[in-house]
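Only one structure is covered here, and it is reproduced in the block below.
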């Protein structure tokens with residue numbers, strides 16, 4: 001993948017208002033709102049009505065962490081947050097979601113930062129690195145968009161360089177059936193759909209620490225992690 005930071009903007013998808021929103025956006029997450037949304041609204045929704053099933057070693061303890069997920073539905077950030085109750089998470093999500101008035105109120109309070117997808121978003125990279133320096137747990141969807149087929153698409157390998165540079169552990173998380181619970185054509189979740197979130201053991205790219213990865217090296221590591229996530233998703237299917 002190219003190392004260029006020149007913008008590749010599709011005007012039909014992103015407006016100047018999106019850039020302006022990102023420039024002035026401040027993460028409004030705090031413990032009150034995070035646990036109000038998670039404990040009183042999202043936890044009952046996912047466990048009682050969407051039958052959330054959590055498998056594997058749920059991330060615990062302090063310290064920075066990158067949680068890398070496949071992406072099937074706009075429910076995904078909320079599913080990961082509910083599945084990982086022992087950490088306050090920060091999310092990087094497409095700025096288009098913030099055009100919706102309800103999500104514009106909820107997402108910042110759920111710890112979500114807007115990303116301009118049609119560019120190599122240098123501002124978001126800087127924010128991500130600062131969050132990790134502060135010991136945050138950050139959730140990324142390196143496919144960049146929701147899968148239309150359920151298959152895991154190609155990864156943007158930028159997160160690999162960040163994990164190596166910041167010496168941060170990576171946890172893979174496979175999301176299954178979130179697209180059934182909230183189809184693209186629906187504005188409201190389908191009740192009694194069964195969602196599964198499966199976590200893998202944390203891994204560290206220690207053999208690459210202290211190195212400056214080439215684009216080819218970062219892409220190869222990214223593809224290896226994508227294949228591991230595919231295997232993790234297959235475990236969900238086998239266990240169903």
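A few points about this structure:
- One residue stands out in the range 205-240 among those that are closer than 19 Å to residue 66 by Cα and in contact with a strand residue (DSSP E or B) (Cβ under 7 Å, 6 or more places away or on another chain): the one that is modelled with the lowest pLDDT, namely 233.
- Here 185, 224 are screened, and the one residue that is part of a loop (DSSP other than H, G, I, E, B), more than 17 Å from the chain's Cα centre (by Cα) and surrounded by fewer than 18 Cβ atoms within 10 Å (Cβ to Cβ) is 185.
- A Cβ distance below 8 Å, combined with a sequence gap of six or more or placement on separate chains, defines the contacts here; from the range 223-240, residues that are within 16 Å of residue 201 (Cα to Cα) reach residues that are at pLDDT 90 or above and part of a helix (DSSP H, G or I) in the pairs 225/160.
- Filtered residue count, the range 145-160, keeping only those that are in contact with a strand residue (DSSP E or B) (Cβ under 8 Å, 6 or more places away or on another chain) and farther than 29 Å from residue 62 by Cβ: 1
- Here residue 205 clears all of (1) within 18 Å of residue 59 (Cα to Cα); (2) touching a residue at least 60 places away in the same chain (Cβ under 8 Å); (3) surrounded by 15 or more Cβ atoms within 10 Å (Cβ to Cβ) except the condition numbered (2).
- Test for residue 97: is it in a helix (DSSP H, G or I), touching a helix residue (DSSP H, G or I) at 6+ places or on another chain (Cβ under 6 Å) and free of Cβ contacts under 8 Å to residues at least 12 places away in the same chain: no
- If the condition is being surrounded by fewer than 16 Cβ atoms within 10 Å (Cβ to Cβ) and within 18 Å of residue 172 (Cβ to Cβ), then the range 62-99 contributes 63, 86.
- Residue-level check: of (1) assigned to a helix (DSSP H, G or I); (2) touching a helix residue (DSSP H, G or I) at 6+ places or on another chain (Cβ under 9 Å); (3) closer than 18 Å to residue 141 by Cβ, residue 217 misses just (3).
- Test: residue in the range 195-202 that is loosely packed, with under 14 Cβ neighbours inside 10 Å and either closer than 15 Å to residue 66 by Cα or without any contact (Cβ under 8 Å) to a residue 60 or more places away in the chain (or both): yes
- Residue within the range 36-57 that is modelled with pLDDT of 90 or more, in a loop (DSSP other than H, G, I, E, B), in contact with a strand residue (DSSP E or B) (Cβ under 8 Å, 6 or more places away or on another chain) and surrounded by fewer than 16 Cβ atoms within 10 Å (Cβ to Cβ) present: yes
- Within the range 100-128, the residues that satisfy the criterion of being assigned to a helix (DSSP H, G or I), crowded, with 16+ Cβ neighbours inside 10 Å and at pLDDT 80 or above are 103, 106, 107, 108, 109, 125, 127, 128.
- Answer from 72, 87, 148 - the residue that is free of Cβ contacts under 8 Å to residues at least 60 places away in the same chain, under 22 Å from residue 231 (Cβ atoms) and part of a loop (DSSP other than H, G, I, E, B): 148
- Counting only residues that are in contact with a strand residue (DSSP E or B) (Cβ under 9 Å, 6 or more places away or on another chain) and under 30 Å from residue 48 (Cα atoms), the range 183-204 holds 9 of them.
- Selected residue (only one of 197, 168 is in contact with a helix residue (DSSP H, G or I) (Cβ under 9 Å, 6 or more places away or on another chain), at pLDDT 95 or above and either in a loop (DSSP other than H, G, I, E, B) or farther than 22 Å from residue 60 by Cα (or both)): 168
The values are calculated or read from the model by the stated rules, or taken from the named source; none is laboratory data. The structure presented is a predicted model; accordingly, all values stated were derived computationally and were not measured. Note that we place each Cβ from the backbone using ideal geometry, even for glycine, and neighbour counts take in every protein chain shown.
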